[in-house]
Structures are given as structure tokens and as C-alpha cells.
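Novice: Quick one: the structure is below, questions incoming.
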Amino acid sequence: AVVVLDFGSQYSLLIARRLRELGVYCELLPADSSKERIAELAPKGIILSGGPQSVYDAGAPGLSEAVRSAGVPVLGICYGAQLIAYHQDGRVEAAERREFGRSTVKVLEDNLLFDGIGESLEVWMSHTDHILEPPPGHRVVARSEGGLIAAMSDGARYWGVQFHPEVAHTPLGRTILENFVRRICGCVEQWSTTSFVDETVEWLRERIGDRRAICALSGGVDSGVAAALAARAVGDQLTCVFVDNGLLRQNEADQCMAVFAEHLDMKVLKVDASQKFLEALDGVTDPEEKRRRIGRCFMEVFEEVAPSLEGADYFIQGTTYPDVIESAGDSGRHSAAATKIKTHHNVGGLPDTMKLELLDPLSFLFKDEVRAAGRVLGLPEQIVDRHPFPGPGLAVRMTGAVTPERLERLRRSDEIFISELRSAGLYQQTAQALVVLTSDKSVGVLGDFRTYEDVVALRAVDTEDWMTADWSRLPYDFLARVSNRIVNEVPGVNRVVYDISSKPPATVEWE
Ligand code: XMP
């Protein structure tokens, strides 16, 4: 394994991602992790990430004893490199001006880190301070266009780069990271989904012991994989709960239950709470108010089913890596402690009184890795390749009030769009596709009659991380077919538009 110490850079997660792509197991740990915590992983190397601070800031994290005494190669990136310089009697200059963006770096001498790179490379810089003089015993091995130190090393244990090899804007960054982990650290192992599955099943088995666990299934890939791992770990001690909130897509509840029954060897308790959710949403048009009420309903549903889940000590959820990093949670598979559930989480909140301990077995995986794990676990494509679907469901896919009639209109439109995407082989080429029922009406003509009916919007996006997204360039002929079917087959809809907004400034969902 390689340990990545996180000094707070927005790119820390990407370092982990890149190493994983290289098949090297790594974990992202807080910068101040103890010697014992690091030793647990028996790392072959340590990477110090970048960070927002200056080594001169009061309270700025230092080069800890844990790192110094680890006895393995250390690669410092940006702030990490400055730390190596500063704490070993080199000189770091607190600069006023930032060096930001693309730059070219000249490699000054042959060395392991830049092996196979050639004489220069394009890099991405994002720093203010810079290294003025490397520590005694270190050599400058690369310089930037402006003559600043871009890389230094003592040729053995410490390596530092001022630029960011982990970002896509450093095209050869992957080679540099690979040189570090393979050539310098000597990592030979291949981290794989199979080993992830085996280790996680073992971890869950240890954590849960002979106690009981519950898992909320949504029909999506994350919760499906989390549940399948838990089922493999503790079998009968697991109960899954599937809440039909009445805001699901056409036949979704039945289809999900059928898929669970066929492919997941676990107890699934289906709770039909449609009525409750619809009543709570009656007359509500404000998007945030819809979300709040839905969150509250989920909470109440769990409170209601709690007695039948008596004795459960653990709540398993499918939070993935980006979610965890964003919310700084610590209940994950790869952190020391589990937290008590508070009022808010994935399924919209759980009652405090349930006092469940939260377990996040997927907290170290990216979406595509979750999918790969699903395949290893034998989950069917219907679960594994499914587009994300928001917890508040169709309620946030219709502007205006939520009524059974409007839900029906939206369901039928959505069913046409999604099934056409599948039969055209386009479903997997978009990251997410959906239909929005707008609160607009428009004039149309049908036969010799005037109509005044609903407008639906089709939306399909391409994205990897859902933080930014572009609208999918679906073929015109395909859009024409979908539009035609919707206006012909869905009563009450006479117009179909295609949403060509990117995120930002729009979001994927309309509410
Ligand atoms: P936005 O609309 O924010 O959506 O661009 C980004 C991704 O998040 C999904 N989404 C949700 N998922 N609960 C969820 O589990 C929610 O409340 C929620 N809201 C949005 C959305 O479908 C997209 O994949």
C-alpha cells in the first residue's frame, strides 16, 4: 500500500484515484495521522499532498515524526514538497504571486522519478510559495520555465515536485506517479476489485460480529453493492429495507423487489409509504420544502419500522468516496472509528433514538469502482449500470405541485425515454437521463382541435463526477422518436423540449 497524507488540497482525492488506476492500493489519511495508524498499513511509500497553507502559517502542519521515521520513500507534491524542503533546512520563499496554470518544466538530469519523461514536460502549477533552495544533500532535478525549482530529491528517500502530477493537465503525471510507486517504492501488488470485495466482506464480518444490521436499499447501485457485501459477510443477520415513497418510476418498486429476490440472497422488507409521502407533499411547490418534507417522511418511516428491526446495531449505507470526502465523515471502511447516525444522511435522515452505528463499506470507492465491485458480486446489470436517481425521486423532477395525475404523466414519459435509450444502445453512453414535467402548458393542435397541455423536458448528461456535467449530444433522429412517442402516448402532454444546459450554471436535476 501507499499512504497519501492529506494536507487539504482539492486534488488529494485525485492522487488516490490515480494510484488506484495504477493498481496500487492506497489510502488517504489525515496529515496528522499517528505513526501507529500509518504503520497499520505497512506502506511502501508515502505521498504528501498539496494544501492551501504556507509552511510559515501559524499552526501549519509539519513533516511529522510519523513520516520521518517511517523509513520509506516520500513524495511531496506542492505544499508537500515545500514541507520536505522547509523541515530539512532548505529554504522556502513565501511569495506574493501565484504560479497558476499550465507550465513547461525542464528535466535537468536522469533520475528514477522522471524516467521515460524526456527533457521536458507540460505540467499544471497551482502554488504561491516556492522552494528557493533544496535541503542539504538534495539536488534540483527539474526547473520551471521561470527558473523556479520544479522538482528536487536526495536521490533516495525524499522526492518533491512543485507541480501536480495527479491532474489531467499534467499529461505525463501518471508516468511520474507510476515511477514513484513502482520504481522508487517497489510496489508490485495489484489492487483489484476482487481483493476489495474479499477484504470488505471480512471487515464487515469483524465489525458486525454476531449482532444485527440493516441496510436501506434504493434500487441503485451504491446501496445494492453495500447490501450485497453485507449479506455476504453476515447473511441472516442483515435486514434490508426498501421504502416505496410513491415517487419512484414506472413499476420501479416491483421491479426492484423482483431483482432483489432473484439476485440478492437477503431479507428485504418492503415498506409501502406512498400515501404518507403524497399527503406530506400535498400542495407543496417549493423545491426545498419538497425535499425537507420527503426527508422527514423517510425519518418517520424508519421510526415506524424500527420495532420490527429491534436489535439492529448497525446501519449500512452506500456512501461513496467523493461523498465522504465532501462531508468529512469517518464511518468508512477505511477509518478507525464509526459514528452514530445524526439527523441527516443519505436516505434523508434517521431517528436519533435508533442509535445505530453507521457503516460505509464503499467509502473508499469511486462510482465506476462501485460498479466493478457489483459485477464481482454477481449483481445484475439492471442494478450495476443504473443511472443515479435522487432520493426525493420524481417529486424533484416536476416543477410545481406533486399529484398522482402529474406523477403518472411523468412516469409514462420517463418510461418511454429510458426504454428508447436502452433499445438504441445509448443508455450507457450517457451518465444520467431523465424527464422533467414542467409546470408550463402550451398550445398545440391535434387533428382539428386546439390543445392546451403540459410540456415535458428531456435531459441527458455526460459526466464522471456529477460536479460538472455537459448535456449529451443525443442523435436528432433518436430525440425525434422519443418526442413523437411521448406526445402520442402520454395523455396531457403536447410538447417535448430537450434541455441543453450544462452544469454549471444549471444542475442535473431541475429542483
Ligand atoms: P444535481 O441536480 O445537484 O445532481 O446536479 C447531481 C447528482 O445528484 C443526484 N441528486 C440526488 N441524489 N439525493 C440523492 O441521493 C438527493 O436528494 C439528490 N439530489 C440530486 C442527481 O440525480 C445527480 O445524479
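Novice: What do you reckon, is Leu362 at pLDDT 90 or above, among the aliphatic types (A, V, I, L, M), within 15 Å of the ligand (Cβ to nearest atom) and more than 28 Å from Val305 (Cβ to Cβ)?
Specialist: no
Novice: In the list Gly160, Gly147, which residue meets the criterion of being farther than 30 Å from Arg232 by Cα and loosely packed, with under 15 Cβ neighbours inside 10 Å?
Specialist: Result: Gly147 is the single residue among Gly160, Gly147 that is farther than 30 Å from Arg232 by Cα and loosely packed, with under 15 Cβ neighbours inside 10 Å.
Novice: When Ile500 is evaluated against the numbered criteria (1) among the aliphatic types (A, V, I, L, M); (2) crowded, with 16+ Cβ neighbours inside 10 Å; (3) touching a residue at least 24 places away in the same chain (Cβ under 8 Å), which criterion, by number, is the only one it fails?
Specialist: Of everything listed in (1) among the aliphatic types (A, V, I, L, M); (2) crowded, with 16+ Cβ neighbours inside 10 Å; (3) touching a residue at least 24 places away in the same chain (Cβ under 8 Å), Ile500 misses just condition (2).
Novice: Another one. Right, Asp477: assigned by TED's automatic domain parsing to the domain that holds Glu405 and away from the ligand (no atom under 16 Å from the Cβ) or not? If you could, list the steps in order and put the result at the bottom.
Specialist: Values: assigned by TED's automatic domain parsing to the domain that holds Glu405: yes; away from the ligand (no atom under 16 Å from the Cβ): yes.
Spelling it out, Asp477 is indeed assigned by TED's automatic domain parsing to the domain that holds Glu405 and away from the ligand (no atom under 16 Å from the Cβ).
Novice: Kindly provide the set of residues from the range 390-413 that are within 13 Å of the ligand (Cβ to nearest atom) and not in a loop (DSSP other than H, G, I, E, B), ordered by number.
Specialist: Scanning the range 390-413 gives Gly393, Leu394, Ala395, Val396, Arg397.
Novice: Going through the range 266-302 one residue at a time, which ones are outside any helix (DSSP H, G or I), charged (D, E, K, R) and surrounded by 13 or more Cβ atoms within 10 Å (Cβ to Cβ)?
Specialist: Lys267, Lys270, Asp272
Novice: From the residues in the range 207-228 that are assigned to a helix (DSSP H, G or I) and under 23 Å from the mean Cα position of the chain (by Cα), which one is surrounded by the most Cβ atoms within 10 Å (Cβ to Cβ)?
Specialist: Ala227
Novice: Let me ask something else about it. Among the listed residues Arg91, Arg139, Arg102, Arg157, which satisfies the condition of being closer than 19 Å to Ile46 by Cα, charged (D, E, K, R) and either more than 29 Å from the chain's Cα centre (by Cα) or assigned by TED's automatic domain parsing to the domain that holds Gly71 (or both)?
Specialist: Working: Arg91 fails: closer than 19 Å to Ile46 by Cα; Arg139 fails: closer than 19 Å to Ile46 by Cα; Arg102 fails: closer than 19 Å to Ile46 by Cα.
Every option except Arg157 fails the conditions.
Novice: Which condition breaks for Gly447 when tested against (1) at positive phi; (2) touching a residue at least 24 places away in the same chain (Cβ under 8 Å)?
Specialist: (2)
Novice: Take the residues in the range 368-389 that are within 14 Å of the ligand (Cβ to nearest atom) and surrounded by fewer than 18 Cβ atoms within 10 Å (Cβ to Cβ); name whichever of them is farthest from the chain's Cα centre (by Cα). Working first, answer last.
Specialist: Just the residues of the range 368-389 that are within 14 Å of the ligand (Cβ to nearest atom), to begin with: 370, 386-389.
Now drop any that are not surrounded by fewer than 18 Cβ atoms within 10 Å (Cβ to Cβ), which leaves 387-388.
Working: His387: 14, Pro388: 11 Å.
Looking at the filtered set, the residue picked out is His387.
Novice: Could you please tell me which pairs satisfy a Cβ distance under 6 Å, a separation of 6+ or placement on different chains, a first residue in the range 214-232 that is more than 15 Å from the ligand (Cβ to nearest atom), and a second residue that is of a type in the set (S, T, N, Q)?
Specialist: Short answer, once both residue conditions are applied: Ile214/Thr239; Leu229/Thr200.
Novice: If you check Ala231 against the conditions, is it closer than 26 Å to Asp368 by Cβ, in contact with a helix residue (DSSP H, G or I) (Cβ under 7 Å, 6 or more places away or on another chain) and not in a loop (DSSP other than H, G, I, E, B)?
Specialist: no
Novice: Can I ask one more? Among Val268, Val301, Val305, which is of a type in the set (Val, Ile, Thr) and closer than 30 Å to Ser439 by Cα?
Specialist: Only one candidate qualifies: Val301.
The values are calculated or read from the model by the stated rules, or taken from the named source; none is laboratory data. The structure presented is a predicted model; accordingly, all values stated were derived computationally and were not measured. Every residue, glycine as well, gets a Cβ built from its backbone with ideal geometry; the counts of neighbours run over all protein chains shown.
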